[in-house]
Amino acid sequence: MEAKWLLFFTMAALMAVANGQESVKPLVKIVKGKKLCDKGWECKGWSQFCCNQTISDYFQTYQFENLFAKRNTPVAHAVGFWDYHSFITAAAQYQPHGFGTTGGKLQSMKEVAAFLGHVGSKTSCGYGVATGGPLAWGLCYNKEMSPSKLYCDDYYKYTYPCTPGVSYHGRGALPIYWNYNYGETGDALKVDLLNHPEYIENNATLAFQAAIWRWMTPAKKHQPSAHDVFVGNWKPTKNDTLAKRVPGFGATMNVLYGDQVCGQGDVDTMNNIISHYLYYLDLMGVGREEAGPHEVLTCEEQKPFTVSPPSASSSSS
């Protein structure tokens with residue numbers, strides 16, 4: 001079923017782009033006084049968010065190519081794997097839920113830049129003197145190249161048991177590590193990633209889909225998602241305020257990485273993610289000045305939402 005869904009949306013996305021489609025006029029209906037829209041393949045299912053501009057209205061193939069300019073150079077490690085069609089096809093499932101469609105055009109563009117800023121940072125092979133600069137090398141990888149272990153945690157042997165001989169090393173746009181994360185993601189996407197984690201490195205649409213699902217989904221109960229803290233859906237509690245957690249890009253790092261990045265002061269891992277976000281804002285024509293003040297942009301003083309389990313100390317959990 002999942003394969004048929006991906007095939008349908010891939011074909012629809014390819015046809016739309018091939019036909020030069022820039023904007024689809026939405027179908028509109030009013031339900032209980034609320035305006036709901038359906039915009040066809042890219043934003044389907046009667047949603048208030050589909051009444052807004054969709055991602056392909058403001059973020060197109062040439063912009064994707066600008067952001068990830070070096071991903072297909074011969075020295076990159078995933079040549080020919082990542083492309084705009086895969087991203088926009090994956091995003092289609094989440095746009096009715098507000099991914100890239102929350103608020104006005106500026107807010108939507110900032111969210112796409114923020115999400116892709118994380119992706120670019122986590123898949124980059126850029127370095128200081130790399131051609132084009134260190135920020136031009138996002139989507140260089142689609143998997144961890146030389147995993148040092150299988151990333152199997154037996155604590156989860158009853159819920160997400162490891163498949164013998166299978167390695168759960170990092171794969172994807174926001175790399176997935178550990179059997180329990182592959183199991184949880186697979187359950188959500190209705191794909192057997194626990195037995196076949198390699199599906200992520202074999203299908204760019206699925207890899208983007210897994211990353212957007214992670215962006216849109218709280219890691220734990222009573223916690224916000226990265227989407228929620230970025231677009232303003234999350235209202236900090238008194239405890240959050242005391243922990244210096246505020247809505248914005250910095251909080252997305254806190255949600256996604258917790259103590260691996262946040263609450264450690266001015267560290268390189270955090271600054272690299274921020275740098276990609278600012279770079280992408282510039283390339284998308286938004287401008288880094290729209291990123292907000294320092295305390296919104298960073299998480300250097302934020303108390304982490306989560307503390308990593310011992311098993312995850314060497315990688316993104």
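Restricting attention to the range 113-144, which residues are of a type in the set (Val, Ile, Thr) and either surrounded by 24 or more Cβ atoms within 10 Å (Cβ to Cβ) or not assigned by the TED database to the domain that holds Val255 (or both)? Step through it out loud before you land on a result.
Of all residues in the range 113-144, those of a type in the set (Val, Ile, Thr) come to 119, 123, 129, 131.
Result: Val119, Thr123.
Looking at the range 14-21, is at least one residue at pLDDT 95 or above, on the phi < 0 side of the Ramachandran plot, surrounded by 14 or more Cβ atoms within 10 Å (Cβ to Cβ) and part of a helix (DSSP H, G or I)?
no
Which condition number in (1) part of a loop (DSSP other than H, G, I, E, B); (2) surrounded by fewer than 16 Cβ atoms within 10 Å (Cβ to Cβ); (3) in the same structural domain as Gly80 (by the TED database); (4) at pLDDT 95 or above is the one that Pro224 fails?
(2)
Suppose we keep only residues that are surrounded by fewer than 22 Cβ atoms within 10 Å (Cβ to Cβ) and assigned to a loop (DSSP other than H, G, I, E, B) within the range 59-73. Which one would you say is farthest from the chain's Cα centre (by Cα)?
Per the criteria, the residue is Thr73.
What are the residues in the range 181-196 that are without any contact (Cβ under 8 Å) to a residue 12 or more places away in the chain, surrounded by fewer than 21 Cβ atoms within 10 Å (Cβ to Cβ) and part of a helix (DSSP H, G or I), if any?
Asp187 - this is the single residue of the range 181-196 that is without any contact (Cβ under 8 Å) to a residue 12 or more places away in the chain, surrounded by fewer than 21 Cβ atoms within 10 Å (Cβ to Cβ) and part of a helix (DSSP H, G or I).
Could you say which residue among Thr217, Thr185 is modelled with pLDDT of 95 or more and in contact with a strand residue (DSSP E or B) (Cβ under 7 Å, 6 or more places away or on another chain)?
So the residue among Thr217, Thr185 that is modelled with pLDDT of 95 or more and in contact with a strand residue (DSSP E or B) (Cβ under 7 Å, 6 or more places away or on another chain) is Thr185.
Please work out if Thr131 is within 17 Å of Pro309 (Cβ to Cβ), part of a loop (DSSP other than H, G, I, E, B), among the polar types (S, T, N, Q) and more than 19 Å from the chain's Cα centre (by Cα). I'd like the intermediate steps shown before the answer.
Details: within 17 Å of Pro309 (Cβ to Cβ): no; part of a loop (DSSP other than H, G, I, E, B): yes; among the polar types (S, T, N, Q): yes; more than 19 Å from the chain's Cα centre (by Cα): yes.
Against the criterion (within 17 Å of Pro309 (Cβ to Cβ), part of a loop (DSSP other than H, G, I, E, B), among the polar types (S, T, N, Q) and more than 19 Å from the chain's Cα centre (by Cα)), Thr131 does not qualify.
Counting only residues that are among the aromatic types (Phe, Trp, Tyr) and open to solvent by 70 Å² or more (accessible area, probe 1.4 Å), give me the helices (runs of 4 or more DSSP H) lying completely in the range 229-317 with at least 1 of them.
Details: elements: 238-242, 249-257, 268-283, 294-297.
Answer list for the range 229-317: none.
The values are calculated or read from the model by the stated rules, or taken from the named source; none is laboratory data. Note that the coordinates shown come from a computational prediction; the quantities given were computed from them, not determined experimentally. Glycine also receives a Cβ, built like all others from the backbone with ideal geometry; neighbour counts cover every protein chain displayed. Quick note on the areas: whole protein, heavy atoms, side chains included, nothing else; ligands and nucleic acids left out. Shrake-Rupley method; radii C 1.70, N 1.55, O 1.52, S 1.80 Å.
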